[in-house]
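Enquirer: Below: one structure in structure tokens.
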Amino acid sequence: MTLDQKMLSLQNRIVLITGASSGIGAACAKVFASAGAKLILAARRQERLQELADSLVETYHGKSGQIHLLQLDVRDRSAVESAISSLPSAWSEIDILINNAGLSRGLDKLYKGKFEDWEEMIDTNIKGLLYLSRYVVPGMVSRDRGHVINIGSIAAYQTYPGGNVYCGTKAAVRAISEGLKQDLLGTLVKITSVDPGMVETEFSEVRFHGDTERADKVYQGLTPLTGEDVADVVFFCATRPAHVNINQVILMPVDQASTTLVNRRS
Ligand code: NDP
Ligand code: 8X3
């Protein structure tokens, strides 16, 4: 068999993407729709999800299966439980879970940090990812099939000034991905952590609470990754042959060497 023949097909596979209303999550939705997957798109902003779904149906009409929308705050454990347990039967056997919902808040020194920023990051990036995993992975294990793809970050490997709690949440995601790999040993369920450097999305605008001028400066003079660049890697990981597990991928722009070392051309 050639590698092409061994690659997993995504046709009619059920893919749940959290944080699909923007950035990397929305880009993942596009690439998986183009491959004929059935998408469960989750986020808090329902109107954004609806717009994305409409455009996917228009672009991939006839190729993409249907799309199921979930207005969901991943921080709400009982809402996550109820969203997963009440999926219609045609949608309940999730093949791929992309734990992408996440955010950073502020760049304050730890000793000046805001409790509400810390709680939002910890509740979303760590606890939300855990809730989704806890409610979705048992089905994968019982079917002995599936793939969890966590969107981590370069921040899991390198802490930068003011990154304290955000970097801590991504270090936790890295440890959780490693732990899940160990716990899944003996099953055919895969687990991958895709860990990007700078990606131009709404991420910095959210970090700086809507200060777009400050957010724009983050990417000034360099060429950052796009959501599509990350989605491309996620797609690669999701389509490897059944016996291949990509554990971690770190990707960053050519203009970035570490969390603190970037090349600005102007
Ligand atoms: P965006 O701000 O563009 O997207 C974040 C997504 O997360 C949105 O769809 C948002 O949807 C969703 N989200 C946030 N909080 C919640 C919540 N409580 N419940 C459900 N959904 C939520 O940023 P990115 O696309 O860049 O971020 C996606 C992931 O990539 C994050 O985990 C981030 O940490 C990670 N990352 C980003 C990098 C970057 O430089 N941009 C680099 C490395 C990793 P809504 O507001 O509608 O709920
Ligand atoms: C987002 C990338 O370097 O801003 O995870 O933390 S960074």
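Enquirer: May I ask which residue of GLN50, SER78, GLY36 lies farthest towards the positive end of the charge dipole of the range 1-113, with charges of +1 (Lys, Arg) and -1 (Asp, Glu) on Cβ and the Cα centre as origin?
Expert: Checking the options against the dipole of the range 1-113, the answer is SER78.
Enquirer: Give a residue-ordered list of calculated ³J(HN,Hα) values for the range 172-178 (Karplus: 6.51 cos²θ - 1.76 cosθ + 1.60, θ = phi - 60°; whole Hz; x for Gly, Pro).
Expert: Computed from phi, the couplings for the range 172-178 are 5, 4, 4, 5, 5, 5, 5 Hz.
Enquirer: Something else now. Enter the angle in degrees (range 0 to 90, nearest 10) between the Cα long axis of helix 46-60 and the first principal axis of the Cα atoms of the chain, meaning the one along which they spread out most.
Expert: 60
Enquirer: Further question: Using r as the Cβ-Cβ distance of GLU205 and GLN5, and R0 as 41 Å, what FRET efficiency do you calculate, to the nearest 0.05?
Expert: After rounding to 0.05, the efficiency reads 0.40.
Enquirer: Positive end of the dipole of the chain, charges at C-beta (+1 Lys, Arg; -1 Asp, Glu), about the Cα centre: which of GLY106, GLN182, PHE208 has its Cα farthest in that direction?
Expert: Value computed over the given set: GLN182.
Enquirer: Let me ask you something else. Give, as a single signed number, the net charge of other residues whose beta carbon lies under 10 Å from the beta carbon of ALA238, with Lys and Arg counted +1 and Asp and Glu -1.
Expert: +2
Enquirer: What is the gain in length, in nm to one decimal, between LEU251 and ARG45 on full extension, counting 0.36 nm per residue of separation less the C-alpha to C-alpha distance?
Expert: Working: separation 206, 0.36 × 206 = 74.16 nm, distance 2.80 nm.
Result: 71.4 nm gained on full extension.
Enquirer: Now for a separate question. So who's got an amide H within less than 5 Å of the one on ILE191, skipping anything under 5 residues away but keeping other chains? H placed 1.01 Å off N, in plane.
Expert: So ILE191 has HN proximity to VAL148.
Enquirer: ILE14's amide H: which non-local residues (gap 5+, or another chain) put their own amide H closer than 5 Å, with H modeled 1.01 Å from N in plane and none for Pro or chain starts?
Expert: LYS38, ASP95, ILE96
Enquirer: Across the range 224-235, in residue order, what do the Karplus-derived ³J(HN,Hα) couplings come to in whole Hz, using 6.51 cos²θ - 1.76 cosθ + 1.60 with θ = phi - 60° and x for Gly and Pro?
Expert: Along the range 224-235, the couplings run x, 5, 10, x, 5, 4, 6, 4, 4, 5, 4, 4 Hz.
Enquirer: Give me the distance in nm between label points sitting 7 Å out from Cα along the Cα-to-Cβ direction at ARG214 and TYR160, one decimal.
Expert: 1.5
Enquirer: Going by Cα centres, the range 84-101 and the range 190-266 are how many Å apart?
Expert: A separation of 25 Å, based on Cα centres.
Enquirer: If you don't mind, another one. Across the chain, how many lysine pairs, 8 or more positions apart or on different chains, have C-alpha atoms separated by under 15 Å? Please give the number.
Expert: Qualifying lysine pairs in the chain: 5.
Enquirer: Write down the accessible area per residue of the range 136-178 in Å², having rolled a 1.4 Å probe over the full set of protein chains.
Expert: Per-residue value: 35 Å².
Enquirer: Given that compact globular proteins tend to follow 2.2 N^0.38 Å, what is the ratio of the alpha-carbon Rg of the range 1-124 to that value?
Expert: With N residues counted in the range 1-124, Rg over 2.2 N^0.38 Å equals 1.22.
Enquirer: Each residue of the range 18-31 in turn: what ³J(HN,Hα) in whole Hz from Karplus with 6.51, -1.76, 1.60 and θ = phi - 60°, glycine and Pro shown as x?
Expert: So the J values, rounded to whole Hz, are 8, x, 7, 7, 7, x, 4, x, 5, 5, 4, 4, 5, 5.
Enquirer: Let me ask something else. Using Cα-Cα distances under 8 Å and only pairs 6 or more residues apart, what relative contact order does the chain have, in percent?
Expert: The normalised contact order for the chain reaches 21 percent.
The values are calculated or read from the model by the stated rules, or taken from the named source; none is laboratory data. Note that the structure is predicted; figures quoted are calculated from it, not measured. Using ideal geometry, Cβ is built from the backbone for each residue, glycine included, and neighbour counts are taken over all protein chains shown. Note: areas computed on protein heavy atoms with side chains; ligands, DNA, RNA excluded. Shrake-Rupley method; radii C 1.70, N 1.55, O 1.52, S 1.80 Å.
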